[in-house]
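The values are calculated or read from the model by the stated rules, or taken from the named source; none is laboratory data. In this text, all values refer to a predicted model and were calculated from it rather than measured experimentally. As a convention, Cβ positions derive from the backbone with ideal geometry for all residues, glycine included, and neighbour counts pool all protein chains shown. Note: areas computed on protein heavy atoms with side chains; ligands, DNA, RNA excluded. Shrake-Rupley method; radii C 1.70, N 1.55, O 1.52, S 1.80 Å.
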Amino acid sequence: MKDEHSLATGEEPPSGHRHQSLKVFHSADRGFWRDVPDADWNNWRWQLQHRITSAEQLQKLLPTLTPEEFAGAKLANHKLALAITPYFFNLIDPADENCPIRLQVIPKAAETHTAPWEMNDPCGEDSHSPVPGLIHRYPDRVLFLVTDRCAAYCRYCTRSRLVSNASGYDFHPDFNRQIEYIAQHPEIRDVLLSGGDPLLLSDDKLENLLSRLRAIPHVEFLRIGSRIPTFLPQRITPELCAMLKKFHPLFMSIHSNHPRELTTEVRDALGRLADAGIPLGNQSVLLKHVNDDAEVMKAHVQKLLMCRVKPYYLYQCDLISGSAHLRASVAKGLEIMEQLRGHTTGYAVPTYVIDAPGGGGKVPINPEYVLCRNAGRVLIRNYEGRIFEYPEAPDGTPLTKPPKEIQEPELV
Ligand code: SF4
(Lines give C-alpha, C1' and ligand atoms only; values in the text may rest on other atoms or scores of the structure.)
Protein backbone atom coordinates (compact mmCIF):
# COMPACT_ATOMS: atom_id res chain seq x y z
CA MET A 1 0.00 0.00 0.00
CA LYS A 2 1.63 3.24 -1.07
CA ASP A 3 1.49 6.28 1.18
CA GLU A 4 0.00 9.61 0.19
CA HIS A 5 3.33 11.02 -0.97
CA SER A 6 3.94 8.09 -3.31
CA LEU A 7 0.44 8.19 -4.69
CA ALA A 8 0.74 11.91 -5.43
CA THR A 9 4.21 11.86 -6.97
CA GLY A 10 4.82 8.29 -8.06
CA GLU A 11 8.19 8.48 -6.26
CA GLU A 12 9.52 6.78 -3.17
CA PRO A 13 8.91 9.11 -0.21
CA PRO A 14 11.89 10.71 1.55
CA SER A 15 13.23 8.62 4.44
CA GLY A 16 11.82 10.56 7.43
CA HIS A 17 8.46 10.91 5.70
CA ARG A 18 8.32 7.16 5.05
CA HIS A 19 9.15 6.41 8.68
CA GLN A 20 6.35 8.64 9.92
CA SER A 21 3.84 7.33 7.40
CA LEU A 22 4.59 3.73 8.45
CA LYS A 23 3.66 4.70 12.00
CA VAL A 24 0.21 6.05 11.19
CA PHE A 25 -2.62 3.84 12.44
CA HIS A 26 -5.21 2.99 9.80
CA SER A 27 -8.33 0.89 10.03
CA ALA A 28 -8.61 -2.15 7.75
CA ASP A 29 -11.02 -1.27 4.99
CA ARG A 30 -14.15 -3.38 4.47
CA GLY A 31 -13.12 -4.05 0.84
CA PHE A 32 -15.27 -6.76 -0.69
CA TRP A 33 -17.24 -7.10 2.51
CA ARG A 34 -18.60 -3.54 2.60
CA ASP A 35 -22.21 -4.76 2.70
CA VAL A 36 -21.69 -7.03 5.67
CA PRO A 37 -23.44 -5.71 8.81
CA ASP A 38 -21.13 -4.37 11.55
CA ALA A 39 -22.38 -7.02 13.94
CA ASP A 40 -21.05 -9.73 11.61
CA TRP A 41 -17.82 -8.01 10.62
CA ASN A 42 -16.91 -7.42 14.27
CA ASN A 43 -17.80 -10.97 15.25
CA TRP A 44 -14.74 -13.21 15.42
CA ARG A 45 -16.71 -16.34 14.59
CA TRP A 46 -18.06 -14.67 11.43
CA GLN A 47 -14.49 -13.76 10.45
CA LEU A 48 -13.39 -17.37 10.91
CA GLN A 49 -16.34 -18.74 8.97
CA HIS A 50 -15.59 -16.41 6.03
CA ARG A 51 -11.87 -17.00 5.70
CA ILE A 52 -10.30 -17.28 2.27
CA THR A 53 -9.18 -20.87 1.98
CA SER A 54 -8.88 -21.76 -1.72
CA ALA A 55 -6.87 -20.68 -4.76
CA GLU A 56 -10.08 -19.93 -6.65
CA GLN A 57 -11.44 -17.64 -3.90
CA LEU A 58 -8.09 -15.89 -3.75
CA GLN A 59 -8.04 -15.37 -7.50
CA LYS A 60 -11.51 -13.89 -7.44
CA LEU A 61 -10.70 -11.47 -4.62
CA LEU A 62 -7.19 -10.63 -5.82
CA PRO A 63 -7.11 -10.33 -9.62
CA THR A 64 -3.38 -9.53 -9.47
CA LEU A 65 -2.63 -12.99 -8.09
CA THR A 66 0.50 -14.21 -9.86
CA PRO A 67 0.84 -17.70 -11.43
CA GLU A 68 3.47 -18.44 -8.73
CA GLU A 69 0.95 -17.53 -6.01
CA PHE A 70 -1.92 -19.41 -7.69
CA ALA A 71 0.24 -22.52 -7.93
CA GLY A 72 1.29 -22.09 -4.29
CA ALA A 73 -2.32 -21.74 -3.19
CA LYS A 74 -3.23 -24.90 -5.11
CA LEU A 75 -0.48 -26.84 -3.36
CA ALA A 76 -1.03 -25.35 0.10
CA ASN A 77 -3.53 -27.88 1.33
CA HIS A 78 -0.88 -30.60 1.06
CA LYS A 79 1.67 -28.72 3.17
CA LEU A 80 0.34 -25.85 5.26
CA ALA A 81 -3.25 -24.81 4.62
CA LEU A 82 -4.22 -21.50 3.13
CA ALA A 83 -6.47 -19.41 5.37
CA ILE A 84 -6.76 -15.64 5.65
CA THR A 85 -9.38 -13.77 7.66
CA PRO A 86 -11.33 -11.15 5.67
CA TYR A 87 -10.04 -8.52 8.10
CA PHE A 88 -6.37 -9.40 7.45
CA PHE A 89 -6.95 -9.86 3.72
CA ASN A 90 -7.98 -6.21 3.53
CA LEU A 91 -4.48 -5.15 4.60
CA ILE A 92 -3.03 -6.61 1.38
CA ASP A 93 -2.03 -4.13 -1.29
CA PRO A 94 -3.37 -5.69 -4.53
CA ALA A 95 -1.04 -3.52 -6.62
CA ASP A 96 2.13 -4.74 -4.93
CA GLU A 97 3.42 -8.28 -5.54
CA ASN A 98 5.90 -7.75 -2.72
CA CYS A 99 3.33 -6.36 -0.28
CA PRO A 100 4.65 -7.31 3.18
CA ILE A 101 1.24 -8.53 4.29
CA ARG A 102 0.71 -10.58 1.13
CA LEU A 103 4.11 -12.28 1.44
CA GLN A 104 3.26 -13.54 4.91
CA VAL A 105 -0.02 -15.29 4.14
CA ILE A 106 -0.30 -16.00 0.40
CA PRO A 107 1.50 -19.22 -0.53
CA LYS A 108 4.00 -19.44 -3.39
CA ALA A 109 5.11 -22.46 -5.37
CA ALA A 110 8.61 -21.83 -3.94
CA GLU A 111 7.34 -23.45 -0.72
CA THR A 112 7.84 -26.80 -2.44
CA HIS A 113 11.60 -26.21 -2.95
CA THR A 114 13.47 -27.76 -0.08
CA ALA A 115 17.20 -27.42 0.58
CA PRO A 116 19.12 -30.30 2.24
CA TRP A 117 19.60 -28.31 5.48
CA GLU A 118 15.93 -27.41 5.81
CA MET A 119 13.82 -29.39 8.24
CA ASN A 120 10.21 -30.11 9.11
CA ASP A 121 10.97 -29.69 12.81
CA PRO A 122 13.85 -27.18 12.84
CA CYS A 123 13.72 -26.55 16.59
CA GLY A 124 13.79 -30.26 17.45
CA GLU A 125 10.51 -30.00 19.37
CA ASP A 126 9.31 -33.54 18.76
CA SER A 127 12.45 -34.96 20.35
CA HIS A 128 11.79 -32.95 23.54
CA SER A 129 8.19 -34.03 23.92
CA PRO A 130 7.55 -36.28 26.94
CA VAL A 131 3.80 -36.47 26.22
CA PRO A 132 1.97 -35.45 23.03
CA GLY A 133 1.53 -31.69 22.84
CA LEU A 134 4.05 -30.82 25.56
CA ILE A 135 7.59 -29.65 24.81
CA HIS A 136 10.01 -29.70 27.75
CA ARG A 137 13.26 -28.32 26.34
CA TYR A 138 14.35 -25.78 28.97
CA PRO A 139 14.81 -26.69 32.63
CA ASP A 140 12.01 -24.73 34.34
CA ARG A 141 9.39 -24.19 31.68
CA VAL A 142 7.24 -26.03 29.14
CA LEU A 143 5.47 -25.31 25.91
CA PHE A 144 1.88 -26.53 26.08
CA LEU A 145 0.42 -26.99 22.59
CA VAL A 146 -3.31 -26.52 22.80
CA THR A 147 -4.48 -26.84 19.22
CA ASP A 148 -3.11 -27.20 15.70
CA ARG A 149 -5.40 -24.50 14.25
CA CYS A 150 -4.76 -20.78 13.67
CA ALA A 151 -6.93 -17.92 12.47
CA ALA A 152 -4.66 -17.60 9.41
CA TYR A 153 -1.49 -19.42 8.40
CA CYS A 154 1.96 -17.83 8.16
CA ARG A 155 3.92 -19.20 5.23
CA TYR A 156 7.12 -19.44 7.31
CA CYS A 157 5.54 -21.20 10.30
CA THR A 158 8.08 -23.14 12.37
CA ARG A 159 5.40 -25.57 13.37
CA SER A 160 3.97 -26.10 9.89
CA ARG A 161 4.60 -29.84 10.26
CA LEU A 162 1.57 -29.99 12.54
CA VAL A 163 -0.27 -26.69 12.22
CA SER A 164 -3.42 -26.93 10.03
CA ASN A 165 -2.91 -30.70 9.70
CA ALA A 166 -2.35 -30.31 5.95
CA SER A 167 0.71 -32.59 6.21
CA GLY A 168 -1.24 -35.28 8.05
CA TYR A 169 0.55 -34.92 11.43
CA ASP A 170 -2.69 -35.74 13.29
CA PHE A 171 -2.04 -33.67 16.36
CA HIS A 172 -4.16 -34.85 19.28
CA PRO A 173 -3.26 -33.11 22.51
CA ASP A 174 -4.46 -34.79 25.66
CA PHE A 175 -4.92 -32.01 28.21
CA ASN A 176 -5.18 -34.54 31.05
CA ARG A 177 -1.78 -36.07 30.28
CA GLN A 178 -0.17 -32.70 29.66
CA ILE A 179 -1.45 -31.30 32.96
CA GLU A 180 -0.52 -34.49 34.82
CA TYR A 181 3.08 -34.24 33.55
CA ILE A 182 3.34 -30.62 34.74
CA ALA A 183 1.86 -31.52 38.13
CA GLN A 184 4.42 -34.30 38.52
CA HIS A 185 7.41 -32.02 37.71
CA PRO A 186 7.91 -29.45 40.44
CA GLU A 187 10.74 -27.81 38.50
CA ILE A 188 8.20 -26.44 35.99
CA ARG A 189 7.33 -22.94 37.11
CA ASP A 190 6.36 -21.42 33.73
CA VAL A 191 3.82 -22.73 31.21
CA LEU A 192 3.49 -21.21 27.75
CA LEU A 193 0.25 -22.03 25.96
CA SER A 194 0.75 -22.09 22.24
CA GLY A 195 -0.22 -24.11 19.20
CA GLY A 196 -1.68 -23.29 16.70
CA ASP A 197 -3.41 -20.47 18.46
CA PRO A 198 -4.78 -20.93 22.00
CA LEU A 199 -7.16 -17.99 21.60
CA LEU A 200 -9.15 -20.04 19.08
CA LEU A 201 -10.47 -22.01 22.03
CA SER A 202 -13.80 -20.82 23.43
CA ASP A 203 -13.66 -18.69 26.57
CA ASP A 204 -15.04 -21.58 28.61
CA LYS A 205 -12.51 -24.11 27.37
CA LEU A 206 -9.61 -21.71 27.88
CA GLU A 207 -10.82 -20.80 31.35
CA ASN A 208 -11.04 -24.44 32.29
CA LEU A 209 -7.50 -25.07 31.10
CA LEU A 210 -6.07 -21.99 32.85
CA SER A 211 -7.88 -22.89 36.09
CA ARG A 212 -6.38 -26.37 36.09
CA LEU A 213 -2.89 -25.00 35.48
CA ARG A 214 -3.33 -22.33 38.17
CA ALA A 215 -4.30 -25.03 40.63
CA ILE A 216 -0.81 -26.57 40.38
CA PRO A 217 1.11 -24.96 43.26
CA HIS A 218 4.55 -24.83 41.57
CA VAL A 219 3.26 -23.14 38.39
CA GLU A 220 4.18 -19.53 39.09
CA PHE A 221 3.73 -18.00 35.71
CA LEU A 222 1.42 -18.46 32.73
CA ARG A 223 1.95 -17.21 29.20
CA ILE A 224 -0.10 -17.31 26.02
CA GLY A 225 1.53 -17.08 22.59
CA SER A 226 -0.99 -15.79 20.04
CA ARG A 227 -1.17 -14.25 16.58
CA ILE A 228 -4.90 -13.62 17.05
CA PRO A 229 -4.50 -9.96 18.09
CA THR A 230 -3.09 -9.23 14.60
CA PHE A 231 -4.99 -11.78 12.48
CA LEU A 232 -8.33 -11.48 14.24
CA PRO A 233 -8.49 -8.55 16.69
CA GLN A 234 -12.27 -9.08 16.93
CA ARG A 235 -11.51 -12.11 19.14
CA ILE A 236 -10.15 -9.86 21.91
CA THR A 237 -13.55 -9.25 23.44
CA PRO A 238 -14.17 -7.59 26.82
CA GLU A 239 -15.46 -10.99 28.03
CA LEU A 240 -12.21 -12.73 27.05
CA CYS A 241 -10.15 -10.05 28.80
CA ALA A 242 -12.29 -10.25 31.95
CA MET A 243 -11.74 -14.01 32.04
CA LEU A 244 -7.97 -13.83 31.41
CA LYS A 245 -7.37 -11.30 34.17
CA LYS A 246 -8.41 -13.91 36.76
CA PHE A 247 -5.20 -15.84 36.11
CA HIS A 248 -2.44 -13.36 36.82
CA PRO A 249 0.50 -13.36 36.54
CA LEU A 250 -0.45 -14.02 32.94
CA PHE A 251 1.67 -12.60 30.10
CA MET A 252 0.96 -12.67 26.37
CA SER A 253 3.38 -12.84 23.46
CA ILE A 254 1.81 -11.55 20.31
CA HIS A 255 3.22 -11.91 16.80
CA SER A 256 3.50 -9.02 14.37
CA ASN A 257 6.11 -8.40 11.70
CA HIS A 258 5.31 -5.16 9.94
CA PRO A 259 3.95 -1.78 11.06
CA ARG A 260 0.98 -2.07 8.69
CA GLU A 261 -0.31 -4.98 10.77
CA LEU A 262 -0.78 -2.53 13.63
CA THR A 263 -4.14 -1.06 12.68
CA THR A 264 -6.56 0.89 14.84
CA GLU A 265 -8.44 -2.39 15.40
CA VAL A 266 -5.27 -4.09 16.63
CA ARG A 267 -4.29 -1.12 18.79
CA ASP A 268 -7.74 -1.17 20.44
CA ALA A 269 -7.58 -4.95 20.99
CA LEU A 270 -4.12 -4.68 22.54
CA GLY A 271 -5.37 -1.82 24.70
CA ARG A 272 -8.12 -4.08 26.07
CA LEU A 273 -5.55 -6.76 26.94
CA ALA A 274 -3.23 -4.20 28.55
CA ASP A 275 -6.14 -2.74 30.53
CA ALA A 276 -6.76 -6.25 31.86
CA GLY A 277 -3.25 -6.07 33.33
CA ILE A 278 -1.70 -8.47 30.82
CA PRO A 279 1.94 -7.55 30.05
CA LEU A 280 2.40 -7.77 26.28
CA GLY A 281 5.52 -8.68 24.31
CA ASN A 282 5.91 -9.08 20.57
CA GLN A 283 7.74 -11.75 18.64
CA SER A 284 8.75 -10.93 15.07
CA VAL A 285 10.39 -13.09 12.46
CA LEU A 286 12.97 -11.47 10.20
CA LEU A 287 11.53 -11.93 6.69
CA LYS A 288 12.85 -10.95 3.29
CA HIS A 289 10.93 -8.03 1.73
CA VAL A 290 8.69 -7.87 4.80
CA ASN A 291 10.78 -6.33 7.55
CA ASP A 292 14.45 -6.73 6.51
CA ASP A 293 14.82 -3.00 6.44
CA ALA A 294 16.02 -0.92 9.40
CA GLU A 295 13.55 1.87 8.77
CA VAL A 296 10.59 -0.50 8.60
CA MET A 297 11.78 -2.31 11.72
CA LYS A 298 12.29 0.90 13.63
CA ALA A 299 8.80 2.11 12.73
CA HIS A 300 7.42 -1.29 13.76
CA VAL A 301 9.05 -1.40 17.20
CA GLN A 302 8.12 2.20 17.92
CA LYS A 303 4.54 1.55 16.86
CA LEU A 304 4.43 -1.53 19.11
CA LEU A 305 5.34 0.66 22.10
CA MET A 306 2.48 2.97 21.12
CA CYS A 307 0.25 -0.14 21.38
CA ARG A 308 1.69 -0.86 24.87
CA VAL A 309 3.64 -3.86 23.59
CA LYS A 310 7.33 -4.45 24.33
CA PRO A 311 9.25 -5.81 21.31
CA TYR A 312 10.51 -9.05 22.85
CA TYR A 313 12.24 -11.27 20.28
CA LEU A 314 13.32 -10.82 16.69
CA TYR A 315 13.80 -14.34 15.34
CA GLN A 316 16.11 -15.31 12.57
CA CYS A 317 13.75 -17.33 10.34
CA ASP A 318 14.05 -21.02 11.19
CA LEU A 319 15.26 -23.48 8.56
CA ILE A 320 11.75 -24.67 7.93
CA SER A 321 11.30 -26.63 4.71
CA GLY A 322 10.38 -24.43 1.77
CA SER A 323 11.09 -21.08 3.45
CA ALA A 324 14.26 -19.99 1.60
CA HIS A 325 12.41 -17.37 -0.43
CA LEU A 326 11.35 -15.66 2.81
CA ARG A 327 14.56 -15.89 4.82
CA ALA A 328 16.71 -12.79 5.25
CA SER A 329 20.38 -13.14 6.16
CA VAL A 330 21.92 -13.02 9.62
CA ALA A 331 24.09 -10.14 8.35
CA LYS A 332 20.91 -8.20 7.61
CA GLY A 333 19.55 -8.97 11.07
CA LEU A 334 22.76 -7.71 12.68
CA GLU A 335 22.69 -4.58 10.55
CA ILE A 336 19.13 -3.88 11.72
CA MET A 337 20.03 -4.45 15.38
CA GLU A 338 22.97 -2.08 14.95
CA GLN A 339 20.56 0.57 13.73
CA LEU A 340 18.13 0.09 16.61
CA ARG A 341 20.37 -0.08 19.68
CA GLY A 342 21.15 3.46 20.82
CA HIS A 343 19.19 4.96 17.95
CA THR A 344 15.84 4.46 19.62
CA THR A 345 14.30 3.76 23.05
CA GLY A 346 15.87 0.76 24.77
CA TYR A 347 12.39 -0.68 25.46
CA ALA A 348 11.85 -0.76 21.70
CA VAL A 349 14.87 -2.97 21.02
CA PRO A 350 14.07 -6.71 20.82
CA THR A 351 16.55 -9.50 21.45
CA TYR A 352 17.68 -10.94 18.12
CA VAL A 353 17.95 -14.73 18.37
CA ILE A 354 18.63 -17.79 16.30
CA ASP A 355 16.75 -20.84 17.49
CA ALA A 356 19.70 -23.19 17.14
CA PRO A 357 18.86 -25.68 14.35
CA GLY A 358 18.04 -29.14 15.64
CA GLY A 359 16.98 -28.13 19.16
CA GLY A 360 19.73 -26.04 20.79
CA GLY A 361 17.36 -23.37 22.04
CA LYS A 362 17.46 -19.61 21.52
CA VAL A 363 20.90 -18.08 21.10
CA PRO A 364 21.12 -14.27 21.30
CA ILE A 365 22.96 -12.67 18.40
CA ASN A 366 24.42 -9.19 18.84
CA PRO A 367 26.61 -6.80 16.94
CA GLU A 368 30.09 -6.69 18.51
CA TYR A 369 30.26 -3.94 21.13
CA VAL A 370 33.19 -5.32 23.20
CA LEU A 371 36.29 -4.76 21.08
CA CYS A 372 38.78 -6.39 23.44
CA ARG A 373 39.44 -7.31 27.04
CA ASN A 374 43.04 -7.20 28.16
CA ALA A 375 45.40 -6.38 31.08
CA GLY A 376 43.60 -3.41 32.45
CA ARG A 377 40.52 -2.55 30.58
CA VAL A 378 37.53 -3.54 28.54
CA LEU A 379 37.43 -1.66 25.28
CA ILE A 380 33.92 -0.94 24.05
CA ARG A 381 32.31 0.98 21.26
CA ASN A 382 28.99 2.79 21.37
CA TYR A 383 26.23 3.03 18.79
CA GLU A 384 28.02 5.95 17.10
CA GLY A 385 31.22 3.95 16.71
CA ARG A 386 33.07 5.95 19.39
CA ILE A 387 35.46 3.91 21.53
CA PHE A 388 35.57 3.94 25.33
CA GLU A 389 37.62 2.19 28.02
CA TYR A 390 36.20 0.56 31.09
CA PRO A 391 39.07 -0.08 33.58
CA GLU A 392 39.02 -3.56 35.08
CA ALA A 393 41.67 -5.98 36.39
CA PRO A 394 42.17 -9.25 34.49
CA ASP A 395 40.30 -11.15 37.21
CA GLY A 396 37.32 -8.80 36.80
CA THR A 397 37.82 -6.77 39.98
CA PRO A 398 37.76 -2.95 39.84
CA LEU A 399 41.23 -1.40 39.36
CA THR A 400 42.83 0.56 42.21
CA LYS A 401 45.78 1.92 40.20
CA PRO A 402 46.49 2.36 36.48
CA PRO A 403 47.43 -0.86 34.69
CA LYS A 404 51.14 -1.39 33.91
CA GLU A 405 50.72 -2.60 30.43
CA ILE A 406 47.95 -2.19 27.92
CA GLN A 407 47.94 -4.10 24.68
CA GLU A 408 46.52 -2.09 21.84
CA PRO A 409 43.75 -3.98 20.11
CA GLU A 410 43.75 -4.54 16.44
CA LEU A 411 41.03 -2.21 15.29
CA VAL A 412 39.61 -2.06 11.87
S1 SF4 B 1 0.02 -18.06 13.88
FE2 SF4 B 1 1.90 -18.99 14.72
S3 SF4 B 1 1.44 -21.17 14.77
FE4 SF4 B 1 -0.06 -20.22 13.40
S5 SF4 B 1 0.79 -20.36 11.36
FE6 SF4 B 1 1.42 -18.37 12.19
S7 SF4 B 1 3.43 -18.76 13.11
FE8 SF4 B 1 2.44 -20.75 12.81
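Once C-alpha pairs closer than 8 Å and six or more residues apart are averaged by separation and normalised to the residue number of the chain, the relative contact order reads 14 percent.
The label-point distance for His343 and Leu305, in a model that sets each label 7 Å from Cα toward Cβ, rounds to 1.5 nm. The simple spin-label model puts a point 7 Å past each Cα toward its Cβ; for Ile380 and Arg177 those points are separated by 4.9 nm.
Leaving out ligands, DNA and RNA, and with a 1.4 Å probe, what % of the accessible surface on the chain is carbon or sulfur? It would help to have the intermediate numbers written out before the result.
On the way: 10000 of 18870 Å².
Result for the chain: 53 percent of the exposed heavy-atom area is carbon or sulfur.
Need one number: % antiparallel among DSSP beta bridges in the chain, to the nearest 5. Bridges in the chain that DSSP calls antiparallel: roughly 40 percent. For the chain, the 222 nm mean residue ellipticity estimated from helices alone, with every DSSP H stretch of n ≥ 4 adding -39500 (n - 2.57) and the total spread over all residues, rounds to -7500 deg cm²/dmol. Taking a Cβ cut-off of under 12 Å around Val285, the surrounding Lys, Arg, Asp and Glu residues balance to a net charge of +1, with basic ones at +1 and acidic ones at -1. Using only the alpha-carbon atoms of segment 261-390 as identical scatterers, what base-10 log of I(q)/I(0) does the Debye formula give at q = 0.09, 0.14 Å⁻¹? Log-scaled intensity ratios, in q order: -0.33, -0.73.
Counting only DSSP beta bridges whose two residues both lie in segment 313-376, roughly 50 percent are antiparallel.
Each peptide in 362-368, 187-193, 207-213 gets a packing score, the mean of other Cβ atoms within 10 Å over its residues, and the list from highest to lowest is 187-193, 207-213, 362-368. The Cα trace of segment 109-197 gives Rg and Dmax of 14.1, 46 Å, the first to one decimal, the second as a whole number.
Exactly which trypsin sites (Lys or Arg not before Pro) in segment 19-81 are in a DSSP loop and have at most 11 other Cβ atoms within 10 Å? If you can, show how the numbers build up before the last one.
Numbers: sites: Lys23, Arg30, Arg34, Arg45, Arg51, Lys60, Lys74, Lys79; in loops: Lys23, Arg30, Arg34, Arg51, Lys79.
In loop regions of segment 19-81 (DSSP not H, G, I, E or B), the sparsely surrounded trypsin sites (Lys or Arg not before Pro) are Arg34.
Since only Thr66, Ala76, Val36 are under comparison, the one whose Cα sits farthest along the positive direction of the charge dipole of segment 1-153, derived from C-beta charges on Lys, Arg, Asp and Glu, is Val36.
Along its three principal directions, the equivalent ellipsoid of segment 232-335 from the Cα gyration tensor extends over semi-axes of 28, 14, 12 Å, largest first. Placing unit charges on the Cβ atoms of the charged side chains and taking the dipole of the chain about its Cα centre, the candidate lying farthest along the positive direction among Val301, Leu244, Pro259 is Leu244. Placing +1 on the Cβ of every Lys and Arg and -1 on the Cβ of every Asp and Glu, with no other charges, gives the chain a dipole of roughly 600 debye about its Cα centre.
For the chain, the Kirkwood hydrodynamic radius comes to 23.0 Å, computed from all pairs of different C-alpha atoms.
Under a model in which nothing but the beta-carbon of Lys, Arg (+1) and Asp, Glu (-1) is charged, segment 1-156 shows a dipole of about 320 debye around its Cα centre.
Gain on full extension, evaluated as 0.36 nm per residue between Gln20 and Gln57 minus their Cα-Cα distance, stands at 9.9 nm.
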